[in-house]
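The values are calculated or read from the model by the stated rules, or taken from the named source; none is laboratory data. None of the values given here were measured: they were computed from a predicted structure. Don't worry about glycine lacking a Cβ; one is built from the backbone with ideal geometry, like all the others, and counts go over all protein chains shown. Quick note on the areas: whole protein, heavy atoms, side chains included, nothing else; ligands and nucleic acids left out. Shrake-Rupley method; radii C 1.70, N 1.55, O 1.52, S 1.80 Å.
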Amino acid sequence: MMGPAHSLSGAAAWLGVGAAAAAMDHTMPWPVLLVGALICAGAALAPDLDHKSATISRAFGPLSRALCGIVDKISYGVYKATKSTRDARRTGGHRTLTHTWLWAVMIGIGFSALAVLGGRWAVLGILFVHLVLAVEGLLWRAARMSSDVLVWLLGATSAWILAGVLDKPGNGADWLFTGEGQEYLWLGLPVLLGAVVHTIGDALTISGCPMFWPLPIAGKRWYPVGPPKLMRFRAGSWVELKLLMPAFMLLGGVGGAAALGYI
């Protein structure tokens with residue numbers, strides 16, 4: 001699945017979580033709904049850190065391109081070290097380690113810990129990175145036409161403003177986790193959800209996705225999970241562009257309206 005569809009699905013997923021939270025009488029403050037949707041939209045691009053040509057590889061210039069190369073090599077190394085005799089031969093690490101639910105859980109926990117232990121500057125950093133990615137995914141046409149510096153400035157300014165809004169009493173810094181020192185512990189949840197949604201989206205494509213690694217399936221450690229082949233599509237095909245992306249926008253709108261109590 002392509003970057004814009006991944007980002008839309010991430011945002012829609014968090015808005016759906018907001019609707020579910022409202023139905024369970026644990027309504028998200030609107031800043032949590034907004035910030036979570038943007039983080040999830042950005043995080044839904046992050047598993048493609050193992051791909052040198054992915055949207056995320058362009059987001060931070062030479063730094064992100066170099067990071068993608070490193071993650072690709074690490075993922076390929078993990079694949080070679082853990083594959084079974086029935087797993088296919090590969091020449092790269094795309095759709096391996098970073099496309100698993102184990103990775104999603106680890107990265108979600110990592111960002112939650114960073115938000116709690118790192119203080120305000122860590123929170124600002126988390127927001128900045130994911131807001132830049134959200135711009136690259138949701139506003140990809142505009143992002144490609146503008147300079148990287150303008151996108152980074154937009155991400156930094158938005159991160160500063162949204163962090164200030166969240167810090168105000170009742171606006172959600174302590175949403176879900178209310179214990180002393182647990183402010184922003186929830187920030188890892190949209191990161192985790194974004195990664196999971198990415199794997200589900202890739203599972204719908206022809207290649208499938210080994211999301212359940214390292215659990216063995218049919219004798220394979222890296223079994224490419226997916227629906228029956230007749231129900232799969234090629235990344236960037238009309239199914240993704242004409243059916244899935246409008247569906248994600250519709251579901252996101254309904255979820256957001258439900259989360260805010262309008263329906």
Legend entry - Members of the stretch 189-227 found to be crowded, with 20+ Cβ neighbours inside 10 Å and assigned to a strand (DSSP E or B), listed by number: Thr205, Cys209
Legend entry - Checking Thr85 against (1) modelled with pLDDT of 95 or more; (2) more than 19 Å from the chain's Cα centre (by Cα), the condition it does not meet: (1)
Inset, instruction - Could you please find all residues in the stretch 213-251 being in contact with an Asp or Glu (Cβ under 9 Å, 6 or more places away or on another chain) and charged (D, E, K, R)? - result: Lys220, Arg221, Arg234
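Do we find a residue being assigned to a helix (DSSP H, G or I), open to solvent by 60 Å² or more (accessible area, probe 1.4 Å) and either farther than 22 Å from Ala46 by Cβ or free of Cβ contacts under 8 Å to residues at least 60 places away in the same chain (or both) anywhere in the stretch 163-178? Write out each step before concluding.
Filtering the stretch 163-178 for residues assigned to a helix (DSSP H, G or I) gives 163-167.
Within this subset, residues satisfying the condition of being open to solvent by 60 Å² or more (accessible area, probe 1.4 Å) are 167.
Next, only the ones that are either farther than 22 Å from Ala46 by Cβ or free of Cβ contacts under 8 Å to residues at least 60 places away in the same chain (or both) stay: 167.
Yes: the stretch 163-178 contains one or more residues that are assigned to a helix (DSSP H, G or I), open to solvent by 60 Å² or more (accessible area, probe 1.4 Å) and either farther than 22 Å from Ala46 by Cβ or free of Cβ contacts under 8 Å to residues at least 60 places away in the same chain (or both).
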Inset, instruction - Taking Val132 as the residue in question, decide whether it is touching a residue at least 24 places away in the same chain (Cβ under 8 Å), of a type in the set (Val, Ile, Thr), over 18 Å from Ile56 (Cβ atoms) and open to solvent by less than 60 Å² (accessible area, probe 1.4 Å). - result: no
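Does Asp72 count as of a type outside the set (Val, Ile, Thr), crowded, with 24+ Cβ neighbours inside 10 Å and closer than 24 Å to Thr205 by Cβ? Give the derivation first.
On the way: of a type outside the set (Val, Ile, Thr): yes; crowded, with 24+ Cβ neighbours inside 10 Å: no; closer than 24 Å to Thr205 by Cβ: yes.
Judged against the criteria, Asp72 is not a match.
From the list Lys52, Lys80, pick out the single residue that is at pLDDT below 95 and of a type in the set (D, E, K, R).
Working: Lys80 fails: at pLDDT below 95.
That would be Lys52, the only listed residue that is at pLDDT below 95 and of a type in the set (D, E, K, R).
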